[in-house]
Amino acid sequence: QVSPALRSPRVPVWLCSLPGRLGVLFGTDCRLLSDWKCERTFQLYFCSGQREHTRTAHLTVDTHSHHWEEAPREGPCSPGHRRPALEMAIRTRWAGATVSWNGTEPFF
């Protein structure tokens, strides 16, 4: 039998399958599930369980940033313009959000 807490998590949690690899993206602030005002700037954590990524990535998501505030890039197809798949997955929930990796090298 499944515990009621597993059916209705108290904190936001997503199971991610990014380029064939599984990971867990989660937040520790339960208000993120119920209060839209908390969606301005918030923290998320990502664990991949892969041998090469033993540390949990600490991400800061800003949903009110603007694309024109970003540094200029070479072009839409250049390597400098590409985003990690995890950032793109986050943007499926918060369109246009910027993601700071807080010193961790972006992966996926």
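Exactly one residue out of R55, R31 is basic (K, R), at negative phi and not in a loop (DSSP other than H, G, I, E, B), and it is R31.
Once segment 94-108 is narrowed to residues that are touching a Pro at 6+ places or on another chain (Cβ under 9 Å) and at pLDDT below 90, the residue that is farthest from L22 (Cα to Cα) is P106. Residues that are open to solvent by 90 Å² or more (accessible area, probe 1.4 Å) and either part of a strand (DSSP E or B) or in contact (Cβ under 8 Å) with a residue 24 or more places away in the chain (or both) within segment 34-51 comprise just one, R40.
The values are calculated or read from the model by the stated rules, or taken from the named source; none is laboratory data. These numbers were taken from a predicted model, which means no experiment stands behind them. Methodologically, a virtual Cβ is constructed for each residue, glycine included, from the backbone with ideal geometry; neighbour enumeration extends over all protein chains shown. Accessible surface is based on the protein model in full, side chains and every heavy atom, while ligands, DNA and RNA are left aside. Shrake-Rupley method; radii C 1.70, N 1.55, O 1.52, S 1.80 Å.
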